[in-house]
Amino acid sequence: MIKDNNKKIWLCLAHMSEAGEEMKFIKEAFDSNWVVPLGPNVNGFEKDLEEFVNKTDKGGTPGKRVIALSAGTAAIHLALVALGVEAGDEVICQSFTFAASANPVVYQGATPVFVDSESGTWNMDPNLLEDAIKDRIAKGKKPKAIIPVYLYGMPAYVDEIMEIANHYEIPVLEDAAEGFGSRYRGQVVGTFGDYGVMSFNGNKMITTSGGGALICPDEEAAKRILFYATQAREPLPYYQHEHIGYNYRMSNICAGIGRGQMTIANDHIAHHVHVKDVYQKAFADIDGIDLHVAPEDYMEPNYWLNTITVDPDKFGMDYDQLRLILDAANIESRPLWKPMHMQPVYKDAPAYVNGVSEELFKKGLCLPSGPMVTDDDLVYIIDTIKKAKK
Ligand SMILES: Cc1ncc(COP(=O)(O)O)c(C=O)c1O
């Protein structure tokens, strides 16, 4: 198939509602002069998010509160502050992730201890997690928190991770920045641990242009997060500060985009799952291309970015040669995240590795998956991959 225009097919572009709901909420903010980092859109967006994360497929509710923030990275940082992570502490973090999962540990003067992934979900390996905890305790420091990540929207082995965390009494901060709306046993990820992180960056499942949120265990924790997110002002008529605070609140304009996006959030997820179905059918016939899908039926990923691994022996070229062919055909693809324990900036951090993420980094690619990717685009992408095979 020949592509009929010269447009680039991107991994995941922002996509606004057909009805223009985002502009409606932004206009309301302008008309009422709520052009500040608080207001009706911030409150409304938090309410929408709370409804979304507390809805389970099996009845009951996790009963979480949500605080809207300026970024997912800010959400991770504030959760670490709330969990009492301080200079000299250690925090266990999944190695196979984007740097934002680990960087806030360093903002606190603490050290990230990286744990590798297992090959089913590509997320934190529970066995290695336990080895790491035991070893850190034996070396004299019990980790202050555990940060598992739902990479590309794939749930982790949550039960196993939570069991270990509970056994050693270490809080869990779920990095669900890529896992908006992914479910594990019918419950939205980010609601299992003490805190859960959401990101609304421009390339995420829904966007506020830039933004994030922290899923909090209860009202008291939410109030504490709000306090730290708004410069830690004591409740006095003048400005009194007894703690170091941050300017991490979400703007009422960005929250307006978020409220509009919530009207189409489920459509976005359905689209990503549809893209996965199309890839899955097509790649079943291409030797050497493996699509990463949920290893268990109780895991429902949002398939934020659909990812493949390329076997050069079977496909006739490696993932990077394929990436260049896709690029020449105006199709964006991207290597999988380079594990944190391989990053120069983290070369001295302790790491418990098993080879899984290093292997994936050497053979994986993310493919276009967002709401702007049409069925015609998918035909063209698949056709390009088929033609590349040697
Ligand atoms: C796994 C992961 N964690 C954290 C973040 C940080 O989110 P933000 O960009 O909203 O700060 C991102 C995305 O950017 C991410 O992919």
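All of the numbers you see were taken from the coordinates with simple rules; none came from a lab. Quick caveat: nothing in here was measured; it's all calculated off a predicted structure. No Cβ is skipped: glycine too gets one built from the backbone with ideal geometry, and neighbour counts run over all protein chains shown.
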Can you give me the relative contact order of region 125-209 as a percent, contacts being Cα pairs under 8 Å and 6 or more apart? 24 percent
Looking at the calculated P(r) for the chain, what percent of the C-alpha pair distances fall above 27 Å? 50 percent
Percentage, to the nearest whole number, of Cα pairs in region 227-269 over 13 Å apart: 65 percent
Separation in nanometres of the label points that stand 7 Å from Cα toward Cβ, at Asn330 and Ala99: 3.2 nm
Neighbour cut-off at most 15 other Cβ (10 Å), DSSP loop, trypsin sites (Lys or Arg not before Pro), region 47-152: Lys55, Lys58, Lys139, Lys141
In deg cm²/dmol and to the nearest 500, what is the mean residue ellipticity at 222 nm of the chain if only DSSP H runs of at least 4 residues count, each as -39500 (n - 2.57), divided by the residue total? -11000 deg cm²/dmol
Compute a Gaussian network model of the chain, connecting alpha carbons closer than 10 Å, and tell me which residue from Ile137, Ile289, Ile76 fluctuates the most. Ile137
Within the chain, excluding any GluC sites (Glu not before Pro) found in a DSSP loop (not H, G, I, E or B) and having at most 14 other Cβ atoms within 10 Å, the longest uninterrupted segment runs 297-390
Where in region 178-279 are there trypsin sites (Lys or Arg not before Pro) that are in a DSSP coil and have at most 10 other Cβ atoms within 10 angstrom of their Cβ? none
Go ahead and run the numbers for FRET between Thr56 and Val293, Cβ-Cβ distance against an R0 of 25 Å, rounding to 0.05. 0.65
With N set to the number of residues, divide the alpha-carbon radius of gyration of region 266-388 by 2.2 N^0.38 Å and report two decimals. 1.13
Two pseudo-spin positions, 7 Å from Cα along C-beta at Glu234 and at Phe30, lie apart in nanometres by 4.2 nm
Would you list which lysines come within 26 Å of Lys389, measuring only between C-alpha atoms, while excluding same-chain residues fewer than 8 positions from it? Lys3, Lys7, Lys8, Lys276, Lys281, Lys314, Lys338, Lys362, Lys363
Using θ = phi - 60° and the Karplus curve 6.51 cos²θ - 1.76 cosθ + 1.60, what whole-Hz ³J(HN,Hα) does each residue of region 43-59 get, with Gly and Pro shown as x? 4, x, 5, 4, 5, 4, 5, 4, 4, 5, 7, 8, 7, 10, 7, 10, x
Rounded to a whole number, the Stokes-Einstein D of region 56-203 in µm²/s (Kirkwood radius over Cα pairs; 37 °C; 0.692 mPa s) is 216 µm²/s
List the trypsin sites (Lys or Arg not before Pro) within region 301-354 that DSSP assigns to loop and that have no more than 15 neighbouring Cβ atoms inside 10 Å. Lys347
Enumerate the calculated ³J(HN,Hα) couplings along region 68-73 in order (Karplus 6.51 cos²θ - 1.76 cosθ + 1.60, θ = phi - 60°), each rounded to whole Hz, writing x wherever the residue is Gly or Pro. 7, 10, 6, 6, x, 4
